[in-house]
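Asks: This is the structure, below, for whatever I ask next.
The values are calculated or read from the model by the stated rules, or taken from the named source; none is laboratory data. Note that this is a predicted model, so its numbers are computed, not measured. Ideal geometry is used to build each Cβ from the backbone, glycine not excepted, and the neighbour counts take in all protein chains shown.
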Amino acid sequence: MINSGVVPVFGTIVRIHFFDSASRDDTAMGRSDSKLGIIHLNRDMPADLQEAVLLHEIGHVVADALGMKWGEADNAALMTGIYAVLSDSERTIKMTVITPEMAERMR
Ligand SMILES: [Zn+2]
C-alpha cells in the first residue's frame, strides 16, 4: 500500500495526494495534473490496484512532459501492459515510490 510520496519525472517532483472515495461524487481511482505536479490517488483501493492506477497516472505525466498527443485509451493500454511486465518481473524490477524523506536526501 502506498501511503504518501513523490515521483520524480524528468527532474520534476510530482506529489501524490490521496483522497477518500467519500469525498467525490464519481468513481475516480486517480487523476493527474502535470501543470501542478500532482497525482491524486483514491486511498480506498487494494494495494495492487493503487499501484496500477499510480503507474497509469505517471504515464499521463510522462506523456505531457514529452509533449505527446496521448489519449486515454493509448495510456490505459500501454501502462496496463507495463504494469503487467513489472508485476511479472517483481524480483528484478520494482516500481519505487519515493517518500518525501527520501526525496529530501536526494537533493
Ligand atoms: Zn487516464
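Asks: List the number of the failed condition for E51; all other conditions in (1) more than 22 Å from L86 (Cβ to Cβ); (2) away from the ligand (no atom under 13 Å from the Cβ); (3) surrounded by 15 or more Cβ atoms within 10 Å (Cβ to Cβ); (4) charged (D, E, K, R) hold.
Replies: Checking E51 against (1) more than 22 Å from L86 (Cβ to Cβ); (2) away from the ligand (no atom under 13 Å from the Cβ); (3) surrounded by 15 or more Cβ atoms within 10 Å (Cβ to Cβ); (4) charged (D, E, K, R), the one that fails is (1).
The rows are residues; the columns are (1) of a type outside the set (A, V, I, L, M, F, W, C); (2) at pLDDT 85 or above; (3) touching an Asp or Glu at 6+ places or on another chain (Cβ under 9 Å).
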site	(1), (2), (3)
A63	no, yes, yes
G71	yes, yes, no
D74	yes, yes, no
L78	no, yes, no
I82	no, yes, no
V85	no, yes, no
E90	yes, no, no
T96	yes, no, no
M106	no, no, no
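Asks: Output the residues belonging to the stretch 31-40 that are among the aliphatic types (A, V, I, L, M) and either within 12 Å of the ligand (Cβ to nearest atom) or at pLDDT below 90 (or both). Can you show your working first?
Replies: Taking the stretch 31-40 first, the residues among the aliphatic types (A, V, I, L, M) are 36, 38-39.
Of everything in the stretch 31-40, just one residue is among the aliphatic types (A, V, I, L, M) and either within 12 Å of the ligand (Cβ to nearest atom) or at pLDDT below 90 (or both), namely I39.
Asks: I want to confirm something. Restricting to the stretch 74-84 and keeping residues that are loosely packed, with under 15 Cβ neighbours inside 10 Å and either near the ligand (Cβ under 9 Å from one of its atoms) or touching a residue at least 24 places away in the same chain (Cβ under 8 Å) (or both), which single residue is nearest to S34 (Cα to Cα)?
Replies: The qualifying residue nearest to S34 (Cα to Cα) is A76.
Asks: Keeping to the stretch 56-73, report how many residues are within 11 Å of the ligand (Cβ to nearest atom) and surrounded by 15 or more Cβ atoms within 10 Å (Cβ to Cβ).
Replies: The first filter runs over the stretch 56-73 and keeps only residues within 11 Å of the ligand (Cβ to nearest atom), leaving 56-61, 63, 70-73.
From what's left, surrounded by 15 or more Cβ atoms within 10 Å (Cβ to Cβ): 56-61, 63, 70.
Qualifying residue count for the region: 8.
Asks: Okay, next question. Residues that are among the β-branched types (V, I, T), at least 1 per element: which strands (runs of 3 or more DSSP E) completely within the stretch 1-88 meet that? Steps first, answer last, please.
Replies: Details: elements: 5-9, 12-19, 30-33, 38-42.
Output list reads 5-9, 12-19, 38-42.
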